[in-house]
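Engineer: Can you read through this structure? Questions will come right after.
Just so it is clear, none of the values below were taken in a lab; they were calculated from the coordinates. Here the structure is a predicted model, which is why all the values come from computation and not from measurement. With ideal geometry, Cβ positions are generated from the backbone for all residues, glycine too; neighbour counts draw on all protein chains shown.
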Amino acid sequence: MRRKAAMNFWRKSMDNLKLETERLILRKFEPTDMQALYMLLSDREVNTFLPWYPVKNLEQTEEFYNKRFADKKYCFAICLKQDNIPIGYVKADTDDSHDFGYALLKEFWHKGIVTEASRALVEYLKENGVLYITATHDRNNPRSGNVMRRIGMKYCYSYEEQWQPKDFPVVFRMYQLNLDGCDNRVYGKYRDTYDNHFVEKDI
């Protein structure tokens, strides 16, 4: 019953879209959120496994917001209900990867917040007819893989990439969740792109 109670309902008006869970509001980022977003994007530990360098100031934060978040259909700020201030984000891309991702201020780690937010977005994606999502995590960041499994994603394969812009080799594990029940579908682009790809055992 608890999991059912924590699942989201979504409300849409002409001006905004909110997904709500037991503890959270997921909403679009706004220009007034730049200080909160800066706190997230400037933290070196939070950004260790993210595909960009930490921002250095509010100007870089605004540039990041305009480039990566402002017009993204499935990108949401994660906010606690009591103050509606962003403490993280959860997103899904709209290209053929439907890449799923998330980040959270470290003082809120280990509380199930990212899992709760991710389940809400997954339900919303289903309602919008998205067929599947994928997600990848650095093999050295197994906690991210734990989130993927908790929301129902399944490990498919691993591959090694010279990761940019940080420019060092990373073994990524690729997970997928087929939202339409087509269990045999596997997104193969990463496997086909990188020569060093393989399936790990006991994941």
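Engineer: Take the chain, connect every pair of alpha-carbon atoms lying under 10 Å apart with a spring to form a Gaussian network, then pick out the residue of THR32, THR21, THR134 with the largest mean-square fluctuation.
Structural biologist: THR32
Engineer: To the nearest 20 Debye, how big is the dipole of segment 146-203 about its Cα centre, given +1 on the beta carbon of each Lys and Arg and -1 on that of each Asp and Glu?
Structural biologist: It comes to approximately 260 debye.
Engineer: Past 26 Å, Cα to Cα: identify those pairs from LYS106/LYS126; LYS56/LYS91; LYS18/LYS154; LYS56/LYS106; LYS81/LYS154, in the order given.
Structural biologist: LYS106/LYS126; LYS18/LYS154; LYS81/LYS154
Engineer: Amide H to amide H, which residues 5 or more places from TYR74 or on other chains are under 5 Å from it, using H placed in the peptide plane?
Structural biologist: Here ALA92 satisfy the definition.
Engineer: Using per-residue counts of other Cβ atoms within 10 Å, averaged over each peptide, order 191-201, 68-78, 121-131 from highest down.
Structural biologist: Details: 191-201: 11.1, 68-78: 18.2, 121-131: 16.2.
My ranking of the peptides, most packed first, is 68-78, 121-131, 191-201.
Engineer: Only Cα pairs within less than 10 Å get springs; with that Gaussian network setup on the chain, which residue of GLN35, GLN162, GLN176 has the largest fluctuation?
Structural biologist: Result for the chain, Cα springs under 10 Å: GLN162 fluctuates most.
Engineer: Moving on to the next point. Kindly provide the helix-only [θ] at 222 nm of the chain, computed as the sum of -39,500 (n - 2.57) over DSSP H runs of four or more divided by all residues, to the nearest 500 deg cm²/dmol? Could you put the intermediate results ahead of the total?
Structural biologist: Values: 6 runs with 49 residues, N = 203.
Per the formula, -6500 deg cm²/dmol.
Engineer: Evaluate E = 1/(1 + (r/R0)^6) for THR48 and ASN128, where r is the Cβ-Cβ distance and R0 equals 22 Å; express this FRET efficiency to the nearest 0.05. Let's see the in-between values first.
Structural biologist: Values: r = 31 Å, r/R0 = 1.43.
With R0 = 22 Å, the Cβ-Cβ based efficiency is 0.10.
Engineer: Let me ask another. What are the residues whose amide H is under 5 Å from the amide H of LEU179, where those residues sit 5 or more places off or on another chain and H is modelled from the backbone?
Structural biologist: The answer is TYR132, ILE133.
Engineer: Still on this structure, I have one more. At what distance in nm do the modelled label points of TYR194 and ARG68 sit from each other, each positioned 7 Å from its Cα along Cα→Cβ?
Structural biologist: 1.8
Engineer: So, one more: Scan the chain and note any complete DSSP helix (H) whose C-alpha atoms cover at least 24 Å along its axis and whose Kyte-Doolittle average is 1.0 or more.
Structural biologist: Values: long enough: none.
TM-like helix candidates: nothing returned.
Engineer: What list of ³J(HN,Hα) couplings, whole Hz, do you get for segment 18-31 from phi and the Karplus terms 6.51, -1.76, 1.60, once you set θ to phi - 60° and write x for glycine and proline?
Structural biologist: 10, 10, 10, 10, 4, 10, 10, 10, 9, 9, 5, 5, 10, x
Engineer: Same structure again: Taking only the alpha-carbon positions of the chain and ignoring solvent, what does the Debye formula give for the base-10 log of I(q)/I(0) at q = 0.11, 0.13, 0.17 Å⁻¹?
Structural biologist: Per q value, in the given order, log10 I(q)/I(0) is -0.51, -0.73, -1.27.
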